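The values are calculated or read from the model by the stated rules, or taken from the named source; none is laboratory data. Everything numeric here is computed off the predicted structure, so don't read it as measured data. So basically every Cβ, Gly included, is an ideal-geometry build from the backbone, and we count neighbours across all protein chains shown. Surface areas here come from the heavy atoms of the whole protein model, side chains and all, with no ligands, DNA or RNA. Shrake-Rupley method; radii C 1.70, N 1.55, O 1.52, S 1.80 Å.
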Amino acid sequence: MLILGIETSCDETGVAIYNSEKGLLGHKLYSQVKLHAAYGGVVPELASRDHINYIMPLIDGLLKDCNLDIKDIEAIAYTSGPGLSGALLVGSSVAESLACALGIKSIPIHHLEGHLLAPMLESKKPQFPFIALLVSGGHSQIIHVKEIGQYMIIGDTLDDAAGEAFDKTAQLLGLGYPGGAALSKLAEQGVKHFDLPKPLLHSNGLDFSFSGLKTAVLYLVKKQSNLTKKIKADIAYAFEESITDVLVKKTIQALKQEGLNRIIISGGVGANKTLRKKIISECKKNNFEYFFPDLKFCTDNGAMIALAGALRVNLPNKNNYSFSVKPRWKLSEI
Ligand code: KG4
Ligand code: ZN
């Protein structure tokens, strides 16, 4: 079966075609990062307008690249939440209208479910059940994934999400928005020179709290009389060490607590090299299996939505073409 996936929850327009027998046939992505960088964050109205500009040309280009006609598509999956309501409306209305015109199934997808299942785009796929560390710009969750649609959130952030902490710290170091990848690159040039807190590292629970870490960076930056590139790199290094130590410790704790031996890391922060290195090392020590999406499928993309659609296509679904976006849809309400 051929499924078209559409992602427009935030500042990336992503489209992909997934063949349920052969896997991913192709994908295209347009990132609005440059558009929003000047404002230091995503401007929702600009995001919606840019999705409108790019979504149809992206779909046309993808069909051409895959040597397919729109009439070959057999179902359309799209992100219907959570995210920015205007941005979600663009993808949802395009998906539902196309599906209605073609008389095929439309499948609304939870954005985080897309991230959770993204490692299944790879040739080595995780089997259920597994523990997922989902770390993105808006979420930091540890989830016990029993099977499609059965997600038990066992750890969550009490304040800032991991990606948010990366972005805010990057901003304090003058690295622009979103700064996660830039901060990580700068950290490669840093050495252990500063100590930053590792919030809740020794707590029994699986929750995270990163706002204190960000504030500690703020004070550290203010204390420097001359914020040289070298000092910035050492601060970036200390920040990355602290946040990844906490993420890894809690994830391994979750595996042991739930009696599972398989882990996946997903979401934008899942692209972080230090996080991956530490997870691999701990998994080897404990004989756990680990799975990551390809780097390009860690951040928002259409492929993960098309894949989630392929896995949901035979589950009971709504059968008309009405839709409503869910900007604050909780994964536990799926
Ligand atoms: O999953 P995603 O594309 O969007 C959301 O659903 O939020 O994640 C974006 C987040 C941003 O905060 C970005 O700074 C962060 O992922 N990010 C990284 C890296 N690449 C992206 N954080 C740390 N290290 C990276 N290499
Ligand atoms: Zn995302």
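Peptide packing: for 254-261, 176-183, 110-117, the average count of neighbouring Cβ atoms within 10 Å per residue gives the ranking 110-117, 176-183, 254-261, highest mean first.
Quick one: which of 127-137, 91-101 comes out on top by average Cβ neighbours within 10 Å, and what's the full order, highest first? Provide the component values of the computation, followed by the final result.
Details: 127-137: 22.5, 91-101: 19.5.
Ranked by mean Cβ neighbours within 10 Å, highest first: 127-137, 91-101.
Taking 0.36 nm per residue of sequence separation and subtracting the Cα-Cα distance, how much length would be gained by fully extending the chain between residue 328 and residue 296, in nm to one decimal?
On the way: separation 32, 0.36 × 32 = 11.52 nm, distance 2.52 nm.
The residue 328-residue 296 span can extend by a further 9.0 nm.
The 1.4 Å probe gives accessible areas that order 266, 31, 123, largest first, as 123, 31, 266. Need one word for the range 128-292: rounded, prolate or oblate. Basis is the Cα gyration tensor (sqrt eigenvalues a ≥ b ≥ c); a/c below 1.5 gives rounded, then a/b vs b/c decides. Prolate is the answer for the range 128-292, as a/c is 1.5 or above and a/b outweighs b/c. Within the chain, the whole DSSP H helices whose Cα atoms reach 24 Å or more along their own axis and whose mean Kyte-Doolittle score is at least -1.0 are 44-65, 85-102, 229-258.
Across the range 149-291, C-alpha contacts under 8 Å between residues 6 or more apart give a mean separation that, scaled by the residue count, equals a relative contact order of 26 percent. Residues considered: 163, 14, 61. Largest GNM mean-square fluctuation over the chain, using C-alpha springs under 10 Å, is found at 61.
When only DSSP loop residues count, what GluC sites (Glu not before Pro) in the range 1-73 have their Cβ near at most 11 other Cβ atoms within 10 Å? Provide the component values of the computation, followed by the final result.
Working: sites: 7, 12, 21, 45; in loops: 21.
Loop-located and lightly packed - 21.
If you average the sequence gap of Cα pairs under 8 Å that are 6 or more apart and divide by the length of the chain, what percent do you get for the contact order? Can you show the working numbers first?
Numbers: 719 pairs, mean separation 85.2, N = 334.
Averaging sequence separation for qualifying contacts and normalising by length gives 26 percent for the chain.
Could you tell me the distance between the Cα centroids of the range 84-104 and the range 290-334, to the nearest Å? Computed from Cα coordinates, the inter-centre distance equals 14 Å.
Highest mean first, what order results for 300-312, 321-333 on Cβ atoms within 10 Å? Walk me through the numbers on the way to the answer.
Numbers: 300-312: 28.6, 321-333: 14.9.
Answer by packing, highest mean first, reads 300-312, 321-333.
Modelled this way, with points 7 Å down the Cα-to-C-beta line, the labels at residue 35 and residue 226 are 4.2 nm from one another.
Modelled label positions at residue 150 and residue 317, each set 7 Å beyond Cα in the direction of Cβ, lie 2.2 nm from each other.
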